[in-house]
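Novice: Sending over a structure as structure tokens; questions will come in a sec.
The values are calculated or read from the model by the stated rules, or taken from the named source; none is laboratory data. The structure displayed is predicted, hence computed values, not measured ones. Counting neighbours? That spans all protein chains shown, and the Cβs are built from the backbone with ideal geometry, glycine included. When the accessible area is computed, the model is the full protein with side chains, heavy atoms only, and any ligands, DNA or RNA have been set aside. Shrake-Rupley method; radii C 1.70, N 1.55, O 1.52, S 1.80 Å.
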Amino acid sequence: MVQYILKRLGISLAIIYIVLTVSFFMVRLMPGNPMAALEAQLRVQGGMTEQEIEQRVQTVYGLMPKAPLGTQYLDYLGNILHGNLGRPITNPSTTVVAVIGSALPWTILVVAVSLLISFVIGVYIGNRMAVHPGSTFAKVWTFIVSVMGAVPSYLVAIVLLYFLTGIWRVFPSNGAYDVGVTPGFNWPFISSVAYHAVLPIAASVITSFGGWALAMKGSAVSVLGSEYVRAAEARGLSDRVISRSYIGRNSMLPMITQLALAVGFMFGGSVFVETYFQYPGIGYYMVQSVNSRDYSLMMGCFVLITTAVVVANFLVDLLYPAVDPRIAWPSSRKVAATGGEPTTETVALVAQGGV
Amino acid sequence: MRFWSDLRRILWNDKPALVGGIIVLIYVLMAIFGPMLVHISSVQNASDAYAGPSPQHLLGTDALGQDVLAQIIVGCRPIMIVGVVSAVITVVVGVVIGLVSGYVGGFTDSALMRVTDVFLTVPGLPLIIMIAAIVHTTNPLVLALILSVTAWPGLARAIRSQALSLRSSDFIEAARLQGLGLGNIVGRQLLPNVGPYVAIHFLLGITGAIYAQVGLFLLGIAPISGTNWGIMINLAMSQGALYTPGSALYLFSPMAAIVILQVAFVFFSRALDSVFNPRLRVQ
């Protein structure tokens, strides 16, 4: 068990390290590299000496622009370990970490709630579709789910915006809460937050539950013919007990693995949803920073989104042994690996729906 | 050919898939011949803005009084080119890495799979956005390359698990005993056996690339030049289509074009899936 956790932890840290390194070299070595671009821009604006320009670049990126690449790289890693991601180019009076810190809770709120809702709805529908194939329920939902899985989330967002904020002003079209309420643990604030989160969550759920339903159906169908299900039927257990406790529980295993992948997709997808609903999460700031060429903020958002995804993956890895104890015991790892591996079709479908 | 007769029979029995296939075909024809037959008129006439459907403008007009339908038809080709090119790159990279990794095994396998895992974990869309923002290209081929950066790992994993199970089969053993080289075994023996995965992932790759590139145009991260559906929606939104009465047709037409194509691809790929996977037909 300890060995399992350490291995997962090692992989997670390695991925974060690789992402940090790649981001660094992207900023430094890409054609039209952003640090040089900032220097050139400041030079064109005029009114600053070379030294001031250098200092400005240094405050923004936290690096000495003239120092050798190796030194800069070490400085960069050191800064990050101290929680310093530099300052936004467009607003050097605050720090990237402060901006991201204020944005992160909103993204986590929307991603977590919509992931939970779409997972529960999708698993329920998928289970029903698999247990009663050929029923009207299965036929209708197979169609709906296939169509919804193919519709991009940003288009759903636009449709929701058009009808629910443009034509009928049912929901607010921007912000995370009303300007008038004071943030804190009070009812007006909480209800305002919930009210503003409805549309972003709805847009994510509508486009992602289909993927879950199809994946669950695929997983449940593969369990359907197993001997313990037939044994349960032979013992005369009711359909409800069989479909929930025997088919449901066992077909959930591959779904948990996919939950880990889905967190990444949801964080990625939040870029669109947050931008369209002008919801102040990380995705929103990432697009804002890209459009205003604010590379330091953009890098910060990217590093943080990746870290959040890796951490979420790690947490799911920790959760997995609780669901399937075989995973954590090396002697039986092989059994679990062959049994729990999701099929390519289901992965592809979840990838489709969840992006 | 066995494949075509199977495909025909399955399409005949699965009407949604048949419709999907026909729609995909129409879009392909539209991408090839559309720009030759239809031209966006250069006449801009603001007094004609947001006109409703009429015989001259079947889908009405945009903010500059230009025909929406013509833009939809002309905008098909750039979307399809990027989608297909990106899917080709994805499939080539995914298949080569998957087959080599699964067949060779050992250190090569674990090294390649670690790389694949990193790409699988890093959230795709933010990575694409960041690369697109830094590279900032109008070249469709470069755009396709960027889009496939995050698309290949899933396929590589699937192909690898296929190659793993094929590795110990008799015909591979025979090929090895004959002393055939790695290139021959991977290219001539293994590749034909993963054909179904390649075909289906090719279609899924196109839909994924269309999804991502339209998204990039919508967010304004890919430079706006020319006409395609993403640019149309972007312009419609930035011209305040949400709050402009009469602009519904202009805003929703390109969206419908995308949704219809994506849904058609999904239904068609389902038929292809059951052609290649006879066990799916049992259900």
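Novice: Take the conditions more than 10 Å from chain B (Cβ to nearest Cβ) and surrounded by 23 or more Cβ atoms within 10 Å (Cβ to Cβ) and apply them to A:F302. Does it pass?
Specialist: Details: more than 10 Å from chain B (Cβ to nearest Cβ): no; surrounded by 23 or more Cβ atoms within 10 Å (Cβ to Cβ): yes.
So A:F302 fails the test.
Novice: Is it the case that B:A264 is within 12 Å of chain A (Cβ to nearest Cβ) and surrounded by 18 or more Cβ atoms within 10 Å (Cβ to Cβ)?
Specialist: So B:A264 fits the description; yes.
Novice: Oh, and also: Looking at region A:120-132, is at least one residue modelled with pLDDT under 85, within 14 Å of chain B (Cβ to nearest Cβ) and open to solvent by 20 Å² or more (accessible area, probe 1.4 Å)?
Specialist: Yes; the residues of region A:120-132 include at least one that is modelled with pLDDT under 85, within 14 Å of chain B (Cβ to nearest Cβ) and open to solvent by 20 Å² or more (accessible area, probe 1.4 Å).
Novice: What number goes with the only condition from (1) at the interface with another protein chain (Cβ under 10 Å from one of its Cβ atoms); (2) more than 19 Å from the chain's Cα centre (by Cα); (3) open to solvent by 20 Å² or more (accessible area, probe 1.4 Å); (4) within 25 Å of A:T207 (Cα to Cα) that B:L251 does not pass?
Specialist: Here B:L251 clears every test but (3).
Novice: Then there's this: Among the candidates B:D117, B:D170, single out the residue that is within 11 Å of chain A (Cβ to nearest Cβ), open to solvent by 20 Å² or more (accessible area, probe 1.4 Å) and of a type in the set (D, E).
Specialist: B:D117
Novice: Residues that are away from chain B (no Cβ under 13 Å), at least 1 per element: which helices (runs of 4 or more DSSP H) completely within region A:196-295 meet that?
Specialist: Hits in region A:196-295: A:227-234, A:249-276.
Novice: Determine the pairs where a residue that is closer than 22 Å to A:Y276 by Cα, located within region A:170-194, has a partner that is open to solvent by 80 Å² or more (accessible area, probe 1.4 Å) and modelled with pLDDT of 75 or more with Cβ atoms under 6 Å apart, the partner being 6 or more residues away or on another chain.
Specialist: Pairs that qualify, where the first residue is closer than 22 Å to A:Y276 by Cα and the partner is open to solvent by 80 Å² or more (accessible area, probe 1.4 Å) and modelled with pLDDT of 75 or more, are A:N174/A:Q278.
Novice: Looking at region B:131-145, which of the residues that are surrounded by fewer than 24 Cβ atoms within 10 Å (Cβ to Cβ), of a type outside the set (G, A, S) and assigned to a helix (DSSP H, G or I) is nearest to the other protein chains (Cβ to nearest Cβ)?
Specialist: Only one residue tops the list, namely B:I134.
Novice: Within the bounds of region A:188-202, is there any residue that is touching a helix residue (DSSP H, G or I) at 6+ places or on another chain (Cβ under 7 Å) and open to solvent by 50 Å² or more (accessible area, probe 1.4 Å)?
Specialist: Filtering region A:188-202 for residues touching a helix residue (DSSP H, G or I) at 6+ places or on another chain (Cβ under 7 Å) gives A:197, A:199-202.
Pick out the ones that are also open to solvent by 50 Å² or more (accessible area, probe 1.4 Å) and you get none.
Within region A:188-202, none of the residues are touching a helix residue (DSSP H, G or I) at 6+ places or on another chain (Cβ under 7 Å) and open to solvent by 50 Å² or more (accessible area, probe 1.4 Å).
Novice: With the requirement that a residue be under 27 Å from the mean Cα position of the chain (by Cα) and in a loop (DSSP other than H, G, I, E, B), what does region A:132-178 give you?
Specialist: A:V151, A:P152, A:F171, A:P172, A:S173, A:N174, A:G175, A:A176, A:Y177, A:D178
Novice: Could you check how many residues of region B:188-210 are within 11 Å of chain A (Cβ to nearest Cβ), open to solvent by 10 Å² or more (accessible area, probe 1.4 Å) and in contact with a Ser or Thr (Cβ under 9 Å, 6 or more places away or on another chain)?
Specialist: Just the residues of region B:188-210 that are within 11 Å of chain A (Cβ to nearest Cβ), to begin with: B:194, B:196-197, B:200-201, B:203-205, B:207-208, B:210.
Those left that are additionally open to solvent by 10 Å² or more (accessible area, probe 1.4 Å): B:196-197, B:200-201, B:203-205, B:208.
Pick out the ones that are also in contact with a Ser or Thr (Cβ under 9 Å, 6 or more places away or on another chain) and you get B:197, B:200-201, B:203-205, B:208.
Matching residues across region B:188-210 total 7.
Novice: Can you tell me which of B:I258, B:I185 is closer than 25 Å to B:T90 by Cβ, of a type in the set (V, I, T) and away from chain A (no Cβ under 12 Å)?
Specialist: Among B:I258, B:I185, only B:I185 is closer than 25 Å to B:T90 by Cβ, of a type in the set (V, I, T) and away from chain A (no Cβ under 12 Å).
Novice: What pairs come up if the first residue lies in region B:68-97 and is closer than 30 Å to B:V186 by Cα, the second is of a type in the set (S, T, Y) and surrounded by 21 or more Cβ atoms within 10 Å (Cβ to Cβ), and their beta carbons are under 6 Å apart, counting only those six or more places apart or on different chains?
Specialist: Note: pairs meeting the criteria are B:S86/B:S148; B:I89/B:S148; B:T90/B:S148.
Novice: Answer with yes or no whether A:N291 is modelled with pLDDT under 85, touching a Ser or Thr at 6+ places or on another chain (Cβ under 8 Å) and of a type in the set (S, T, N, Q).
Specialist: On the way: modelled with pLDDT under 85: yes; touching a Ser or Thr at 6+ places or on another chain (Cβ under 8 Å): no; of a type in the set (S, T, N, Q): yes.
Against the criterion (modelled with pLDDT under 85, touching a Ser or Thr at 6+ places or on another chain (Cβ under 8 Å) and of a type in the set (S, T, N, Q)), A:N291 does not qualify.
Novice: Take the residues in region A:149-175 that are more than 8 Å from chain B (Cβ to nearest Cβ), aliphatic (A, V, I, L, M) and crowded, with 21+ Cβ neighbours inside 10 Å; name whichever of them is nearest to B:V19 (Cα to Cα).
Specialist: A:V156
Novice: Related question: Could you tell me which residue of region B:211-246 is surrounded by the fewest Cβ atoms within 10 Å (Cβ to Cβ), considering only residues that are more than 19 Å from A:I158 (Cα to Cα) and touching a Pro at 6+ places or on another chain (Cβ under 9 Å)?
Specialist: The residue in question is B:G226.
Novice: Based on what the data block shows, is B:A271 more than 9 Å from chain A (Cβ to nearest Cβ) and touching a Gly at 6+ places or on another chain (Cβ under 8 Å)?
Specialist: Considered against the rule, which asks whether it is more than 9 Å from chain A (Cβ to nearest Cβ) and touching a Gly at 6+ places or on another chain (Cβ under 8 Å), B:A271 comes out as yes.
Novice: Here's a follow-up. Please report, ordered by residue number, the helices (runs of 4 or more DSSP H) entirely within region A:1-114 with at least 2 residues that are modelled with pLDDT of 80 or more.
Specialist: Ranges flagged: A:2-29, A:69-81.
Novice: Moving on to the next point. Exactly one of (1) in contact (Cβ under 8 Å) with a residue 40 or more places away in the chain; (2) crowded, with 16+ Cβ neighbours inside 10 Å; (3) closer than 30 Å to B:A257 by Cα; (4) not basic (K, R) is unmet by A:A138. Its number?
Specialist: Here A:A138 meets the rest and fails (1).
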